[in-house]
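J.: The structure that follows is given in the form of structure tokens.
The values are calculated or read from the model by the stated rules, or taken from the named source; none is laboratory data. Everything quoted here is computed from the prediction, not taken from an experiment. No Cβ is skipped: glycine too gets one built from the backbone with ideal geometry, and neighbour counts run over all protein chains shown.
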Amino acid sequence: MNPVNRFFLYLLLLPSRFYERMGVDLAQLIAILRIKLVMDDRRPNSIHQTRQKKQNKPIALATLGTMLFSVLLGSFFLMSFAVGKDPVTQLTIYFSFYIFLLASTLISDFTSVLIDVRDNLIILPKPINDKTFVLARLLHIIIHISKIVIPMTVPGMIYIGVVFGFQGLIGFILLVLSASFFTIFLINAVYILILRVTTPQKFKNVISYFQIGFAIIFYGGYQLLPRLMSKAALANFNIETAGWKWLTPSYWYAESWQFIDSFTFTTPLVTSFLLSMLLPVASIWIVIRYFAPSFNRKLSMISGSSDSADPTTVPSKDQQNRSTTSKMLMKFSEWFTQKGPERMSFLHTWKMTGRSRDFKMKVYPSFGYLIVYVVIMFLNSKKVSFDMIRDQTGGGKFVFIGILYFSGFMLMMAVNQVIYSDKYKAAWIYYVTPVKTPGALLSGAVKSIMTKFYLPIVVLLSATAIAVIGPKVIPNLILGMCNQLLIISCVGYISLRDLPFSAMQMMSGKTGSFIRGLFSLTIPMLLAVLHYLVYSYLLVILLLIVLSVIACWLVLDAIRTKTWNNILLRNYD
Amino acid sequence: MMNPIISLKNVYKSYGTKQVLKGINLSIYPGQVIGYIGPNGAGKSTTVKILCGLISDYEGEVLIEGINLQDDPVAVKSKIGYVPELAELYDVLTPVEFLGFMAQLYNMPEELASDRINRMLTAFGLEASMHQRMDTFSKGMRQKVLISSGLLHNPDIIILDEPLSGLDANSVIIVKDLISKLAKEGKTIFYCSHMMDVVEKVSDRIVLINEGNVIADGSFEELQQQQGNQSLEQIFAHMTAKESLSDAADQLMNAFGN
């Protein structure tokens, strides 16, 4: 156990006499907490996950890594002290950051770390009373959250302490505590809400959508907010002038801090103080009163172990009879693929990308980031007016081409991700079945990704472009889109050396991945520039469309005829 | 006759509207090896979970060594060793850490525990991997750790749920031998399994449940007398299958035709 855990354990065991009087078995309590903390230390955290799994060193001291990361995040919050001139404005922003980031950190931890369903089978059959078990779980949660909260707020504490002195620091610590309780309540409420509207089986999916949403909002906010407001406006920003200020709890916290720091008794200050102190109390009360009773039981069902599923739910006749392949999907597969492995792969990829959480977690956030990028591009090109886009003059042409070629990046992400799966071992099916040309599996997958992720973009983009610019844009639109398909086919041809869903997710460098990455960036840019140059020559455009379609077809065909020699054979284990 | 060590009287349990146990009555005596069998969904694991104190909202009475399970679950749990079916364990720990933790939960003295852990793991041939994290372990190795964790505190009652799954042939022999030796020591063993040939050999009393009811109870010989001289597998099929099983096989074969 590392010193940090030992310290927390020591601190929380100080009232051990009191625990014993409550009827808690102290030896068991310590045993559970110790083992839980050791396990926390060995559990890969979010930082480790993004790195790689195949590290030869077993994960140890994960706690320290997480804490270091939290300090970094916390220092980042200090940015808020650069905004405006008065501490209330600054602290409102600080607390907004804090609540938002704490929530997004904790939302996944609650299921994976704090409610370990294995406890039910490992600890509960042992002679341990309920009080001991509940206290152990509670103390573990407190330790876990402290390990995030304390490092996250230390930079803020130092700043406040230095600038405003001791009294300000005390107030700040008090409010951080209150805000943390409020955040935990928020997450609880979200959990309960999700459990109300969905089944425990789908719970993890919904939580991951939340995480995706958080990531995109965070990224978008980080990128866009400073751009939306000019530096001068930012420096002069004053929350007091905003009408909606009372709607944000972080404003209450900021005002309360002002109250504690100055001890001025004005109505808004006192109201805020009372609100911020009552908020956590009310939150805890609501959680205990309404949420807690069924909460643990429901959470324990989340694991999705087969016997915990409600045995009474039998799929209805309708569900049983309904084929899992919709008619539309069948049609698509018939139009775009040849019979056999290619079509199978097309359908397989379609379903896997829709159902695998792994895939969605990797690909959907990047879609969100790209949308943010597009918005930034708009904002950056201030010289472009709506009229210019409509008339396709000056910068308008640039924005149009930019969006068109940017839309392909999303596809690139999806295509590169298609070989990965956490159930990668199931790829044995490709090897035991008599597949002559594995390329058909690849081309099926590529076509599936194109149809699933590009078709909606095509429809959306065409509709908008034709509505805004008019029919005259159609040739350029078609060329742009054909080029995207061509690019994706090329990327697929070059980078797909594994069968779909057959590789373990690893970030570590595949040989030549840098070159490939470079290629996948430069080719679209090159094509975009070329397209920009020939934009106004209709005849050239038409000719290029024909060429692009032929090239695309050829490349897709080349993928389909890839032989086993082009496929990396993986030996599992 | 001595007092039963486990006694279930009119035990009912429902999940929502579905009744899983419909009045189970059983008296089990010390030193018996009970083979507890039944088709999937018959209520086997529900019974086991009740006995282990994992499910407390059942109706009826469960006495273990004369103690009512609902009155003092902690006292009951300290007398029971449980080996769950799925290899559920904290696999980031090493076997020694995991078993040490188990021993602490049973409030065992530390020296006794570490000595016993050492000996058990060595006997199972795990001495080389005693201090390695279990996430790299094979299914059989995990099962050995689980079996050790169920026996560690020398319980009077041992509940085994498919204890042989994942074990290699030699380990199977060890565990089967272990079961009969434990029974000779006076331990009561509750053995749940789908492997009829093992149940037939290991247990001296077989309890067959189907759809929440006990439909047969007796030694293998007694069952044979009632049901004709068949193997346990055949008796099981005869009593629990709704349709003829060879018909099902025929249908499977027919699936090849058009």
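J.: When region B:128-137 is examined, which residues are found to be assigned to a helix (DSSP H, G or I) and within 12 Å of chain A (Cβ to nearest Cβ)?
T.: Once the filter is applied, which keeps residues that are assigned to a helix (DSSP H, G or I) and within 12 Å of chain A (Cβ to nearest Cβ), region B:128-137 yields B:134, B:135, B:136.
J.: Right, next: Select from region B:82-116 the residues that are aromatic (Phe, Trp, Tyr) and in contact (Cβ under 8 Å) with a residue 60 or more places away in the chain and list them in ascending order.
T.: B:82
J.: Go through (1) in a helix (DSSP H, G or I); (2) away from chain A (no Cβ under 14 Å) for residue B:31 and report which single condition fails.
T.: (1)
J.: Among residues belonging to region A:138-154 that are away from chain B (no Cβ under 14 Å) and not β-branched (Val, Ile, Thr), point out the one that is nearest to residue A:33 (Cα to Cα).
T.: Ranking the qualifying residues of region A:138-154, first place goes to A:139.
J.: Filter the helices (runs of 4 or more DSSP H) completely within region B:39-127 down to those with at least 2 residues that are buried (at least 19 other Cβ atoms within 10 Å of the Cβ) and away from chain A (no Cβ under 14 Å).
T.: B:110-123
J.: Pick out, from region B:213-258, the helices (runs of 4 or more DSSP H) lying fully within it that include 2 or more residues that are under 23 Å from the mean Cα position of the chain (by Cα) and within 26 Å of residue B:12 (Cβ to Cβ).
T.: The qualifying helices (runs of 4 or more DSSP H) are B:232-240.
J.: The conditions are (1) touching a Leu at 6+ places or on another chain (Cβ under 7 Å); (2) over 25 Å from residue A:530 (Cβ atoms); (3) modelled with pLDDT under 85; (4) of a type in the set (Gly, Ala, Ser), and residue A:407 fails exactly one of them. Which is it?
T.: Just one mismatch for residue A:407, condition (2).
J.: Output the residues belonging to region B:23-38 that are of a type in the set (Phe, Trp, Tyr) and within 19 Å of residue B:211 (Cβ to Cβ).
T.: Listed by number, the list holds a single entry, B:36.
J.: Right, something else. Starting from region A:326-351, keep only residues that are of a type in the set (Lys, Arg), then list their pairs with residues that are outside any helix (DSSP H, G or I) whose Cβ atoms are within a distance under 6 Å, requiring at least 6 positions of separation or different chains.
T.: Note: pairs meeting the criteria are A:343/A:337.
J.: Look through region B:1-17, keep the residues that are within 14 Å of another protein chain (Cβ to nearest Cβ) and modelled with pLDDT under 85, and return whichever of them is nearest to the chain's Cα centre (by Cα).
T.: B:15
J.: Also, I was wondering about something else. Being closer than 28 Å to residue A:561 by Cβ, part of a helix (DSSP H, G or I) and among the charged types (D, E, K, R), is that true of even one residue in region A:419-428?
T.: yes
J.: Can you pull out every residue in region B:143-170 that is free of Cβ contacts under 8 Å to residues at least 60 places away in the same chain and either in contact with a helix residue (DSSP H, G or I) (Cβ under 6 Å, 6 or more places away or on another chain) or not polar (S, T, N, Q) (or both)?
T.: B:144, B:145, B:148, B:164, B:167, B:168, B:169
J.: Still on this structure, please answer the following. Kindly check whether there is at least one residue in region A:121-132 that is outside any loop (DSSP other than H, G, I, E, B) and surrounded by fewer than 16 Cβ atoms within 10 Å (Cβ to Cβ).
T.: Yes, there is a match, as at least one residue in region A:121-132 is outside any loop (DSSP other than H, G, I, E, B) and surrounded by fewer than 16 Cβ atoms within 10 Å (Cβ to Cβ).
Each row is one residue, and each column tells you yes or no for (1) among the hydrophobic types (A, V, I, L, M, F, W, C); (2) touching a Pro at 6+ places or on another chain (Cβ under 6 Å); (3) modelled with pLDDT under 80; (4) not assigned by TED's automatic domain parsing to the domain that holds residue A:77.
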{"site": "A:109", "(1), (2), (3), (4)": "no, no, yes, no"}
{"site": "A:112", "(1), (2), (3), (4)": "no, no, yes, no"}
{"site": "A:115", "(1), (2), (3), (4)": "yes, no, yes, no"}
{"site": "A:121", "(1), (2), (3), (4)": "yes, yes, yes, no"}
{"site": "A:133", "(1), (2), (3), (4)": "yes, no, no, no"}
{"site": "A:137", "(1), (2), (3), (4)": "no, no, no, no"}
{"site": "A:143", "(1), (2), (3), (4)": "yes, no, no, no"}
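J.: Tell me, please, whether a residue that is in the same structural domain as residue A:334 (by TED's automatic domain parsing), within 20 Å of residue A:340 (Cα to Cα) and crowded, with 20+ Cβ neighbours inside 10 Å can be found in region A:415-427.
T.: Checking region A:415-427: at least one residue is in the same structural domain as residue A:334 (by TED's automatic domain parsing), within 20 Å of residue A:340 (Cα to Cα) and crowded, with 20+ Cβ neighbours inside 10 Å.
J.: When region B:141-171 is examined, which residues are found to be of a type outside the set (Gly, Ala, Ser) and closer than 20 Å to residue B:127 by Cβ?
T.: Correct list: B:141, B:142, B:143, B:144, B:145, B:146, B:147, B:151, B:152, B:167, B:168, B:170.
J.: Do any helices (runs of 4 or more DSSP H) entirely within region A:210-313 hold 1 or more residues that are among the hydroxyl-bearing types (Ser, Thr, Tyr) and either in contact with a Leu (Cβ under 9 Å, 6 or more places away or on another chain) or modelled with pLDDT of 70 or more (or both), and if so, which?
T.: It comes to A:249-262, A:267-286, A:292-302.
J.: Can you tell which of B:144, B:176 is under 22 Å from residue B:110 (Cα atoms) and of a type outside the set (Asp, Glu)?
T.: That would be B:144, the only listed residue that is under 22 Å from residue B:110 (Cα atoms) and of a type outside the set (Asp, Glu).
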